[in-house]
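Novice: Sending over a structure as structure tokens; questions will come in a sec.
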Amino acid sequence: MQKIYTVGGRRLTGEVRLSGSKNAALAILAATLLPEHGRTTLTNVPRISDVETMLETLQHLGVRVQHSDSNTVTLDAGTLTSHEAPYELIKKMRASFSVLGPILARYGQARVALPGGCDIGARPVDYHLKGLERMGAQITVEHGFVHAAAKEGLRGASIYLDFPSVGATTHLMAAAALADGITTIANAAEEPDVVAAAALLNRMGARVRGAGTKEILIEGVRSLRGVEYAVDPDRIEAGTFAVAAAITGGDLYIRGAIKEHTEPVARKLMEAGADVRYDDDGARVRLPPGRSLKATTVEASPHPGFPTDMQPPFAALLTLAAGTSVITETVYERRFRYIDELARMGADIKTKANAAIIVGVPRLTGAPVAGSDLRATAALVLAGLAAEGQTEVGGIKYLDRGYEDFCGKLQAVGANVRRVEDGDKATEKVAA
Ligand code: UD1
């Protein structure tokens, strides 16, 4: 098992280049099942294990997948050989469930395993299923599988989501692209990942309007074609490195940061004392010399609110901010599992219902800690960059799900961080 060892205290300076967005890439990859003709070439695809899992699922369904370099992948879904996605693949990553709608739209039937639980709270798929039912699918759930059938094809429908779910929005949008007639999705998610998936669909020949707003309208077409598409830079990776700059009193240029995607985090960073300046190619984030971090309040909520995925990294930052900060989580009910680990590093942090209350401390101290999900593990590495002494972070398999070369990128801007096999002597590997 691998671990990350950090020795805190170094200011991070220099430039970080963002990889492609994990969440946009996953929604886009699922949509590449739709075109009957032509191949789709995606560039700026992040090299992360969640993308590998999605590619494995697509290959299982018969999509031909070719890598021309580590971030470019060409997919040909001309003939699918299966309409069934097994539990072994879906349990690895729930986003794979979104292959259901596209297979159903093309073949009139699909069988996909139900995703299991998850460490950040219940994550049901009821909106996905209700939406497909509204489009005329007959859904049965048996033996852990969802079987969906629409022998006459899907038809346009008016859909309302009880909560603006990102996954349900992109999934139903993709299915509706090939439905007969007009589909509307009300209370749709407004995340940039939805906008990216709609842009891909439209390039393929779909007619999607309103992505990025609360109401999306999709006029179904008979067929779609393969296209070329570049995945946007990852806004959560941008936020993570922005916190890395602020928590180390550093100065980073984050190449690829898109203002409209990252502003909800930038505003809170500025409230906490950081300086954020955008230009056409990215953003410079720094904690000006002599300035210290100050407490603030954060509410994690759907876009354009503060992203829930940035909630753990931001909590790491606020552990060192003078005063009392409150972080409220409105998307997931159990996304505070990392706080006991931050407390082991000396943070004064506790939870009450769906809020974390953080009283800033002057310093954190390194300790062995373990992340329980992707962003929690990232948060612990960030805390380690600011802590006195050595921090040993477990849970690296989660980090690999969503960050491409996290350690390499941190090292390049001066972090004292190493990834080692557990059992190796960390002190030898972490250069003093
Ligand atoms: C996506 C992101 C994830 C991010 C989340 C919220 C991907 C691959 N992942 O996850 O990084 O944290 O958006 O921004 O894009 N819900 C239901 N029923 C459903 C669907 C969702 O009750 O059928 C609830 C969930 O339990 C959760 C909330 O809606 O409380 C939001 O979930 P959703 O936006 O769907 O998250 P994902 O798309 O799974």
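Novice: Identify which of Asp373, Asp422, Asp180 has the largest mean-square fluctuation in a Gaussian network model of the chain, with springs joining Cα atoms closer than 10 Å.
Specialist: Asp422
Novice: Rounded to the nearest Å, what's the spacing between the alpha carbon centres of region 346-414 and region 121-141? Just the number, please.
Specialist: Measuring centre to centre over Cα atoms gives 36 Å.
Novice: Can you compute the radius of gyration and Dmax for region 211-307, using only the Cα atoms, both in Å?
Specialist: Expressed in Å, the Cα Rg and Dmax of region 211-307 come to 17.0, 61.
Novice: Further question on the same structure: About the Cα centre, and with charges only on the beta carbon of Lys, Arg (+1) and Asp, Glu (-1), how big is the dipole of the chain? Nearest 20 debye, please. The partial results should precede the final answer.
Specialist: Details: 49 positive and 50 negative charges, 65 e Å.
The calculated dipole for the chain is roughly 320 debye.
Novice: Considering only protein heavy atoms and a 1.4 Å probe, what is the carbon-and-sulfur percentage of the accessible area of region 276-432?
Specialist: The value for region 276-432 is 46 percent carbon and sulfur by accessible area.
Novice: Carbon and sulfur atoms: what percent of the 1.4 Å accessible area of region 22-230 do they account for?
Specialist: 47 percent
Novice: Along the charge dipole of the chain, pointing to its positive end and built from +1/-1 on Cβ of Lys, Arg, Asp and Glu, which listed residue (Ser68, Val195, Leu42) has its Cα farthest out?
Specialist: Of the options given, the answer is Val195.
Novice: Taking 0.36 nm per residue of separation and subtracting the Cα-Cα distance, what length does fully extending Ala355 through Arg203 add?
Specialist: Using 0.36 nm per residue and subtracting the Cα-Cα distance, I get 50.6 nm.
Novice: For region 158-192 and region 235-311, what is the separation of their C-alpha centers, rounded to whole Å?
Specialist: 30 Å
Novice: Residue by residue through region 85-95, what is 3J(HN,Hα) from phi via Karplus (6.51 cos²θ - 1.76 cosθ + 1.60, θ = phi - 60°)? Round to whole Hz and write x for glycine and proline.
Specialist: Ordered by residue, 3J(HN,Hα) equals 10, x, 4, 3, 8, 5, 5, 5, 7, 5, 4 Hz.
Novice: So, one more: Could you give me the percent of Cα pairs per 10 Å distance bin for the chain, shortest bin first, beginning at zero and ending with the bin that holds the maximum distance?
Specialist: Pairs per bin, as whole percents: 5, 22, 31, 24, 14, 4, 0.
Novice: Along each principal axis of its Cα atoms, how long is region 18-170 end to end? Whole angstroms, biggest number first, please.
Specialist: Principal extents (Cα only, largest first): 40, 37, 29 Å.
Novice: How big is the dipole moment of region 37-138 about its Cα centre under a simple scheme where the beta carbon of each Lys and Arg is +1, that of each Asp and Glu is -1, and everything else is neutral? Debye, nearest 20, please.
Specialist: Charge dipole of region 37-138: 220 debye, to the nearest 20.
Novice: Counting only heavy atoms of protein chains, what accessible area per residue, in Å², does region 12-135 have with a probe of 1.4 Å? Before the final figure, lay out each step's value.
Specialist: On the way: 4650 Å² over 124 residues.
Using a 1.4 Å probe on heavy atoms only, each residue of region 12-135 averages 37 Å².
Novice: Can I ask one more? Over region 63-107, consider all pairs of different Cα atoms and compute the Kirkwood hydrodynamic radius from their mean reciprocal separation; express it in Å, one decimal.
Specialist: By the Kirkwood definition, the hydrodynamic radius is 12.1 Å.
Novice: I'd like to know how region 308-432 sits against the 2.2 N^0.38 Å rule of thumb: what's its Cα Rg over that expected value?
Specialist: 1.03
Novice: Could you check how many percent of all C-alpha pairs in region 97-233 are farther apart than 17 Å?
Specialist: Here the long-distance tail beyond 17 Å is 56 percent of all Cα pairs in region 97-233.
Novice: Looking at region 277-326, which trypsin sites (Lys or Arg not before Pro) are in a loop (DSSP not H, G, I, E or B) and have at most 15 other Cβ atoms within 10 Å?
Specialist: Hits after loop and neighbour filter: Arg291.
Novice: Shifting gears a bit: List the residue ranges in the chain for DSSP H helices whose C-alpha atoms run 15 angstrom or more along the long axis and whose Kyte-Doolittle average is -0.5 or above.
Specialist: What comes out of the filter, once short or polar helices are dropped, is 49-61, 166-177, 192-203, 235-247, 374-386.
Novice: Given Thr351, Gly239, Val112, which one lies farthest toward the positive end of the charge dipole of the chain, if we put +1 on the Cβ of every Lys and Arg and -1 on the Cβ of every Asp and Glu?
Specialist: Thr351
Novice: Could you quote the convex hull projected area for region 162-276, Cα atoms only and averaged over all directions, in nm²?
Specialist: Projected area, direction-averaged: 8.1 nm².
Novice: For every helix of n ≥ 4 consecutive DSSP H residues, a contribution of -39,500 (n - 2.57) applies; sum these over the chain, divide by its total residues, and give [θ] at 222 nm rounded to the nearest 500 deg cm²/dmol.
Specialist: Values: 15 runs with 139 residues, N = 432.
Estimated from H runs of four or more residues: -9000 deg cm²/dmol.
Novice: Stretched out fully, how many nm does the piece from Glu333 to Asp162 gain, at 0.36 nm a residue minus the Cα gap?
Specialist: 59.9 nm
Novice: If you roll a 1.4 Å probe over the heavy atoms of the protein chains, what accessible area per residue do you get for region 146-208, in Å²?
Specialist: Each residue of region 146-208 exposes 33 Å² on average to a 1.4 Å probe.
The values are calculated or read from the model by the stated rules, or taken from the named source; none is laboratory data. Fair warning: this is a prediction, and the values are worked out from it, not measured in the lab. Because the Cβ atoms are built from the backbone with ideal geometry, glycine has one as well, and the counts that use them run over all protein chains shown. Each accessible area value is taken on the protein alone, full model and side chains, heavy atoms only, with ligands, DNA and RNA left out. Shrake-Rupley method; radii C 1.70, N 1.55, O 1.52, S 1.80 Å.
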